[in-house]
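Working notes, beginning with the structure itself.
Values quoted throughout were computed directly from the atomic coordinates according to the rules given, and no laboratory measurement underlies them. Since the model is a prediction, treat every value here as computed from it, not as a measurement. Please note: Cβ atoms are built from the backbone with ideal geometry, for glycine as well, and neighbour counts cover all protein chains shown.
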Amino acid sequence: MSLRPAATAALAVAMLLQARASEPPAIDVLLAGQFGFDKAQIEEVRHGRPVAVSLPGSMDREFLAAGAIRIEAPINRLIDRFRDIEKLESGAGFVQTVRIGDPPTLGDFAAMSLPAGDIAALRKCRPGDCDLKLNQHGFDLFSAIDWKAPDHVAAAERLWRQYVFDLLQAYRIHGNAGLGLSMERKPPRDTAAEFAELLGSASFIEAGTPGLREYLVHYPASRKPAGLEEFFYWSIVEFGLKKTVRLNHVVIYPVEGASVPRVVLSNRILYASHYFQNAIEVRLASDAPSAPGRAHYLLVLNLARPDGVTGVFGPIVRYKVRNGGRETLRKTLILTKQRTEAVRVNASSGAP
């Protein structure tokens, strides 16, 4: 399903490469054509106020939220904030965030603990019937636990850390295919195929962030764009009814051929113990030509295919997820603007 009711992909890409002394028309095209913003909403963005909307997905399980804001700070400050993921993902809802070393080691996961409810759930897990998301390798690992042994909790946590580490290593070697089939429900889901479908359903990925889809879908075999940097991290978050363990892949790279500085920052959930089969956040930071090097526009697209949104209560759940996702994005835009601009204020005042 196309998400561009007001512009063709060719027009969006062509205007993306133009440069003018006034506000960048390419941003207008992306906001209007890709996100469906009207003139009033675009003006709100230009004046530094957040705008977030829900977009139609290609299927009932697919949710998209888009938003934008102008930030009165150089793009590099935003990138620095993104690199410091442990500080960025802290506060309400974030239990723990740990950036993984390069190369990753099992020791990077030493502080990861499994919520008590998940340990109880693991004891009952069988392929096709499990409250945690696991591939076949996970079921094989946890089948070795002696649940009657006095140290079964320590054994479960040790194997859990091994499982998440193995997922990361399989992804780094084999790409999306290394993540395996998600076996906790019947029929199993092909994570790799679904991720490719997810990216393909959002034309903003190609029009606004050229090269990103190719890189992520074919990772690690795809050509690495010049200037690209990436890292992995794991986190434990508490945004729903259950604490969720996540494994993430962050990619940062400049858009080649852009007439004004533009940088893509994507954050993909490779694995989540609950809720999400596939999810990614794509940010496009574009220098504001009216204030080069001093201000930029931040466009954000969140895509996800959560579970539990079908069946009799599916419409109610979908409504809550869609509205909640839009409001969360709006708050994220505000917080990002505040934290990025605060660096300038602290630097000028001498505060830390």
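Sticking with the crude label model, points 7 Å out along Cα→Cβ, report the distance from Lys87 to Glu238 in nm, one decimal please.
Going from the Lys87 label point to the Glu238 one covers 2.4 nm.
As a footprinting exposure proxy, order Thr105, Thr336 by other Cβ within 10 Å, with the fewest listed first.
With the sparsest Cβ surroundings first, the list reads Thr105, Thr336.
What are the residues whose amide H is under 5 Å from the amide H of Phe239, where those residues sit 5 or more places off or on another chain and H is modelled from the backbone?
Here Thr244 satisfy the definition.
Subtracting the Cα-Cα distance from 0.36 nm times the residue separation, let me have the gained length for Glu197 to Ala116 in nm, one decimal.
25.7 nm is the gain from fully extending Glu197 to Ala116.
Suppose R0 equals 22 Å; then what is the FRET efficiency for Ala144 and His174 from their Cβ-Cβ distance, rounded to the nearest 0.05?
After rounding, the FRET efficiency stands at 0.40.
Ranked by Cβ crowding within 10 angstrom, fewest neighbours first, how are Trp147, Trp160 ordered?
Trp147, Trp160
Note down the relative contact order for region 80-230 as a percent, whole number, built from C-alpha pairs under 8 angstrom at least six residues apart.
Averaging sequence separation for qualifying contacts and normalising by length gives 18 percent for region 80-230.
Can you work out ³J(HN,Hα) from phi for every residue in region 187-198, in order, using Karplus 6.51 cos²θ - 1.76 cosθ + 1.60 and θ = phi - 60°, giving whole Hz and x for Gly and Pro?
Values per residue, Gly and Pro as x: x, x, 10, 8, 4, 5, 5, 5, 5, 4, 5, 4 Hz.
Enumerate the amide H contacts of Ser203 below 5 Å, restricted to partners 5 or more residues apart or on another chain; note that Pro and chain-start residues carry no placed amide H.
Hits under the 5 Å cutoff: Leu3.
Per residue of region 44-49, what does 6.51 cos²θ - 1.76 cosθ + 1.60 with θ = phi - 60° give for ³J(HN,Hα)? Whole Hz please, x for Gly and Pro, Karplus curve as stated.
4, 4, 4, 8, x, 9
Take the alpha-carbon centre of region 135-150, take the same for region 161-214, and report the distance between them in whole Å.
Cα centroid to Cα centroid, the span is 25 Å.
Give a residue-ordered list of calculated ³J(HN,Hα) values for region 284-300 (Karplus: 6.51 cos²θ - 1.76 cosθ + 1.60, θ = phi - 60°; whole Hz; x for Gly, Pro).
10, 9, 10, 4, 7, x, 6, 9, x, x, 10, 8, 8, 9, 10, 10, 10
Among the listed pairs Lys133/Lys224; Lys87/Lys337; Lys133/Lys242; Lys124/Lys242; Lys148/Lys242; Lys39/Lys331, give every one whose C-alpha distance is greater than 19 Å.
From Lys133/Lys224; Lys87/Lys337; Lys133/Lys242; Lys124/Lys242; Lys148/Lys242; Lys39/Lys331, over 19 Å: Lys133/Lys224; Lys148/Lys242; Lys39/Lys331.
Could you list Phe63, Phe231 in order of exposure, starting from the residue whose Cβ has the fewest other Cβ atoms within 10 Å?
Going from least to most buried by this count: Phe231, Phe63.
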